[in-house]
Every structure is written in C-alpha cells, then in structure tokens.
Amino acid sequence: MRYSGLKVLAEGLRGNKGWGAAWRKPDPKPEYDVVIIGGGGHGLSTAYYLAKNHGITNIAVLEKGYIGSGNIGRNTTIVRANYYMPGNSEFYSHSLKLWEGLESELNYNVMHSQRGQLVLCHSDGQRDTLARRGNAMINQGDDAELWTREQVREEVPYLDFEQTRFPIYGGLMHWRGGTARHDAVAWGYARGADQRGVDLIENCEVTGIDIVDGIVRGVQTTRGAIRAKKVAIVVAGRSSQVAAMAGMRLPIESHVLQAFVTEGLKPVIDHVISFGMGHFYISQSDKGGLVFGGDIDFYASYASRGNLPMVEHVMEAGMTLMPMIGRAKVLRSWGGIMDMTPDGSPIIDKTPVQGLFLDAGWNYGGFKAVPASGWCMAHLMATGHSHEVAKRFRLDRFRTGHTLDEEGTGSQHNLH
Amino acid sequence: MKIPCPLCGPRDRREFYYYGSPDYLSPVAADADLDALDNQLFLRDNIAGQVQDLWYHEGGCAAWLKVTRNTISHAVLGAELVMGAQAAPKAAANAAPNPAAKPVSAAAKPAVKPAPRTVAKPAAQPKTPKKDA
C-alpha cells in the first residue's frame, strides 16, 4: 500500500477501515540467503538496501524484542554530517544525502527536519578546532559557517552570554544538520524492507551461531534453528554477547547513555544546540518536549538506565547554557546500551568467520548513520568488498594502528 | 551508586574515575606480538552480569581499586586494592618463608606510651524543629 495525501483523504471518508498493517509478521522459515541479527535502525536499513540496491530479498531480520525497542527508539534524534577525520567525513556526508531523500525513498514521513545544528565554542583554541572542522566539512562538500559571538547571539539570543565560566566565543553552524523522528525511521525502513519481501521476525532472540569449518551455517533462536549463507551481527550494545556465540572477542565495551525529555512547551528552541564544554546537546521535538542528553555514565553497563551523578551533570550543563529551561519539568529519562570502541569510530567489516559480518561500534552516534550504515553493510555483504565511504571501518584497525580517533582522546573505550 | 573503597569506606561514585577492564593490569611487553597487544588493550569480554573493573579513587585516597559489580543491576558487590592483589601472588610464590624476614603485620611497639585522650562530651543539642513537608 502506498501512502499519499489522497489515501489519507479516501480513508478518512471510509472510516479509516482500509489501512493495513505496516509490515507482516511471518513465522521464520528454516532457511534464508541472509540472516540479519538485530532489527534496529542499522539492521533494518541493511535489509532494505540489500533488497533495493542488490536485489537480495530472501532475508530474515531477527529482532529479540519488538521493532523499535532498542537504541533506535531511545536516541536524541540528531542528524548531522560534521565529522572531521578522513574515514568518518565521507561516510556521514553520504548518510546525510540519504537522509535528504529518505521520505521519498521510503514513502514514509520520518519528519526529517534540517533546522540547523550549532556547536558552540568557549575558547580561542576551541574556535580554531571548529574552524578546522568547518573547513573539513566544506572540503567534503557539506555546509559549515563559523559564527562570531555576535552572530550566535543574533540567532540564539536565549543562551547565557553573561556567564564567565564557559564564555561563548562563537560557534559552527551546520544548516543541513537537524533532527528526525527516530521511531518513524525504524517503521519506515521496516515497512520498506517488508514490502520488498524481507521477513521481519520479532520476539526472536538468537541463542547461538552455527559455524562449521570456519564457515557460518546459520543461527539458533528462541523460535527455532535458521540456516543461512550469510549472517550479519547488527546489535549495537549487545555485539559482544552475540559475537561470543561465534567465539569472538570484540574491541567493544558497553556503556549506558541517558537521555531526557521535558513536558511539551511552545516552540522555543529552533535548532539543535551543542554545548562545547559540557557535552550537552538539546533540541525541541514537534510535540514540544525538549529532547536532550550529555555524556555516558562512564562505567560499563547493560542496565539501559543510568544514575543520578550524570543526571545532575546534564542538568547543570543545560542550566549553564540556557537558564530559561529551568522551569520545564523533565517527564522521562531512560538509557540505552552504547557499543563503545577504543577510537570512538564504528566497524563495518567481515569477521574471521566466513560469511559472518559485523556492523557495530557506533558508540552513541549511530542514529545519524542509519541510512549509510545499511547502505554500506548491504554493499559489503552483497559484493564482498567494503563500500568506498566505509572502507576504513575495519574490525582489525586497532591491531594494525589505523584508528580513527575523532575526539582525539586516546585509546580508552569510555573516552569517546 | 557507592564504591566501597577498602581505605575510605563506601564513597559516592562521583569520587571515582572509571578506567575499564582488569585486562589493563596484565601488561604485555612492548615487543610482544600484535595479538597479545590487541587482547590486552582493545579486545574485551564485555560481560552482561558480574564483572570486575578498575576504578581510581581520584576524589579520595587515590588508590586503584578492582571493583566487583553487576553490569545489569549496577549492584556493587565489593572492592579490593589493586596493589594488595598484585602483592599477594608474589608472597605465595615464595615456597619457603625467609626466617630473616620480619613479618609485615607486626606492629612496632611505641617507645613512649601516648597520653590518654580525654574527649569532652558535647553539650546537649536542642532538638531541631520539624520542618514542614
């Protein structure tokens, strides 16, 4: 069924009886060409692009919960292409271009809003790094404007320009950055993949990976055994648990990232604002809630919830940056499981097991990567070669020294 | 979340710096093969459940701790000093105890008996009035 304005009108006149389920709920078959472990943003987009770009449709996506229950439903919805390092820069640039065509591509309203993302700076040195980053973005073919303090004040007057602890020196404005509705992205890719013949198997947890003579044969699940020629592990924070089923240790440490949303407010924050000193980022959803977050809690965790010290820290950062939000009530807070790597950059690669692929290590930046991650993972699985814009996301790059340390904080999983 | 520092007692999580896995405690030689270095620096078990990890009491005694925790429930089950844990294997390796060695735990007898301390009892404090809820 194709969604359109005409359809909305017609169904409205018919009492909305004609809407069908957005995707089927089939039982798993005993065998597929491809099994994708993980029905989150990246797993679904991988399935979609395998079908769309490569004509591979005999695919099962195995999701242990319900579609949208993982990090794809928990993030702070920021979409941007302002990375600096070669290896990252071209990848996120490619992803943003996919975002810009996504609603037409998926025939689904993902509410992609390119409202601009502003990164603030608070020292001369930091302004220099923003200038360098902006130049890298422009060289990549993306947009960036280096703003003075006055230019920031004109666009975003409600920031605290009087505070002297972290004075606002200026900022880098990326107008093509913004937000998207995270649930809709999952549903759009799920529906798109399903329409192309992909089986989405929910409530199906993988409990084992079958490997014979170094070649993957299939998986064991809570809904039976499934044979497959190719298997992809796309499970974000649980990558180590699933990789262990294949006898592998990964360069990943799982951490909790908290996120918060306030009660609905009248439109007050028109951009995505990132604090240069407190690692705080905020935007306002179309429902009116302020959506914001900060650092990970910094200790390894699978709890999907964090603790009060980081809650306090995030609130402090918010109040330092924009005291006007102080009266808003925080409605909900939650956490997700972040797959942190020693350089903060992701992995899209084959594994030593033939036919077994890995897409992981997104740290807490996976949402913006959903389109390109699926595109590149599909390319790798279909052709056997890395896509040009993802070719540095190697699993063994730590061992070989070809790390992509975007933050420049060194080789410690929780520092990125 | 409180971390039970063996020297300071249970202290708020904010006083500590989290490093990572005890893999860091087994340094490999700089000329070791790449797999050994990869294992020690980057590859992790990353268990969902009971783990041990390294915390530094930055806002307290500056001791390095090996904390036993559950990464699913966040329960903190115990902590030991890294220094103590590393010294213990060396002592066990000495099969025959050296009779000349002074036992570490014997307390030195003070030359002068310290004067007894007298602590004045604090004056009775007035009860704080109940605050309105």
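Since every read-out is calculated from the coordinates, none of them should be taken as a lab result. Keep in mind that this is a model prediction, so the values were computed, not measured. Note that we place each Cβ from the backbone using ideal geometry, even for glycine, and neighbour counts take in every protein chain shown.
At most 13 other Cβ atoms within 10 Å and a DSSP loop assignment: could you name the trypsin sites (Lys or Arg not before Pro) in region A:207-256 that fit? Could you put the intermediate results ahead of the total?
Numbers: sites: A:217, A:223, A:227, A:229, A:230, A:238, A:249; in loops: A:223, A:249.
Those that pass, being in a loop and sparsely packed, number zero.
Measuring nothing but how far apart in sequence close Cα pairs (under 8 Å, 6+ apart) lie, relative to its length, region A:262-416 scores a relative contact order of 21 percent. Rounded to 0.05, the FRET efficiency of the residue A:66 and residue A:11 pair, given R0 = 30 Å and the Cβ-Cβ distance, is 0.75. Build a GNM of chain A with springs between Cα atoms under 10 Å apart, and of A:175, A:362, A:19 the one that fluctuates most is A:19.
Could you size up the charge dipole of region B:2-88 around its Cα centre, putting +1 on the beta carbon of Lys and Arg and -1 on that of Asp and Glu, and report it in debye to the nearest 20? Don't skip to the answer; put the middle values down first.
Numbers: 7 positive and 11 negative charges, 122 e Å.
Dipole about the Cα centre, nearest 20: 580 debye.
For region A:287-338, the set of trypsin sites (Lys or Arg not before Pro) satisfying both a DSSP loop assignment and a count of at most 14 other C-beta atoms within 10 Å is given as A:287, A:305, A:329.
So for chain A, averaging the separation of alpha carbon pairs under 8 Å that are six or more residues apart and normalising by length, what relative contact order in percent results? Don't jump to the answer; show the numbers that get you there.
Details: 961 pairs, mean separation 91.3, N = 416.
Relative contact order for chain A comes out at 22 percent.
The order of A:54, A:271, A:174, going from fewest to most other C-beta atoms within 10 Å of their C-beta, is A:54, A:271, A:174. The alpha carbon centroids of region B:1-79 and region A:81-97 are separated by 34 Å. Farthest towards the positive end of the charge dipole of chain A, among the residues A:342, A:108, A:94, is the Cα of A:108, using unit charges on the Cβ of Lys, Arg, Asp and Glu. Working note: Debye formula, equal point scatterers on the alpha-carbon atoms of chain A, no solvent; log10 I(q)/I(0) at q = 0.11, 0.13, 0.14, 0.15 Å⁻¹ is -0.82, -1.13, -1.29, -1.45. Against chain A, whose longest principal axis is taken from its Cα atoms, helix A:89-100 shows a tilt of about 80°.
The Cα center of region A:1-21 and the Cα center of region A:377-416 differ in position by 44 Å. Kindly list the residues of region B:59-78 that lie in the label zone of residue B:17, defined by a backbone N under 17 Å from the point 7 Å along the Cα-to-C-beta vector. Label zone hits: B:59-67. Partner shielding of B:13-20 amounts to 5, given as the average count of beta-carbon atoms from other chains within 10 Å of each residue beta-carbon.
Subtracting the Cα-Cα distance from 0.36 nm times the residue separation, let me have the gained length for residue A:270 to residue A:319 in nm, one decimal. Kindly include the intermediate steps, with their values, before the conclusion.
Working: separation 49, 0.36 × 49 = 17.64 nm, distance 1.75 nm.
Here the answer is 15.9 nm.
The GluC sites (Glu not before Pro) found in region A:91-166 that occupy coil by DSSP, while having at most 13 further C-beta atoms within 10 Å, are A:162.
Translational diffusion of region B:2-88 was estimated from the Stokes-Einstein equation, with Rh taken as the Kirkwood radius over Cα pairs; at 25 °C and 0.890 mPa s the coefficient is 178 µm²/s. Charged side chains reduced to their Cβ positions (Lys and Arg at +1, Asp and Glu at -1) give region A:165-208 a dipole of some 460 debye around its Cα centre. For the peptide A:294-304, the mean number of other protein chain Cβ atoms found within 10 angstrom of a residue's Cβ is 5. Just checking the listed ones, A:109, A:71, A:139: in the Gaussian network model of chain A with Cα springs under 10 Å, the one fluctuating most is A:139. When the protein assembly as shown is described by a simple charge dipole with +1 on each Lys and Arg Cβ and -1 on each Asp and Glu Cβ, the residue from A:67, A:306, A:318 located farthest towards its positive end is A:306.
The residue A:54 and residue A:327 beta-carbon pair, evaluated with R₀ = 51 Å, returns a calculated FRET efficiency of approximately 0.45.
For residue A:412 and residue A:334, calculate 0.36 nm times their separation in residues minus their Cα-Cα distance, and state this gained length in nm to one decimal. Mind showing how you got there, number by number?
Numbers: separation 78, 0.36 × 78 = 28.08 nm, distance 2.47 nm.
That works out to 25.6 nm of additional length.
Would region A:229-286 count as rounded, prolate or oblate if I go by the C-alpha gyration tensor, calling it rounded below 1.5 in a/c and otherwise prolate when a/b exceeds b/c, oblate otherwise?
Here region A:229-286 falls in the prolate category.
Taking 7 Å steps out from each Cα toward its Cβ at residue A:388 and residue A:33 produces label points 2.5 nm apart. Cα-Cα over 26 Å: which of A:25/A:391; A:350/B:66; A:64/A:368; A:52/A:391; A:368/B:66? Flagged as over cut-off: A:25/A:391; A:350/B:66; A:368/B:66.
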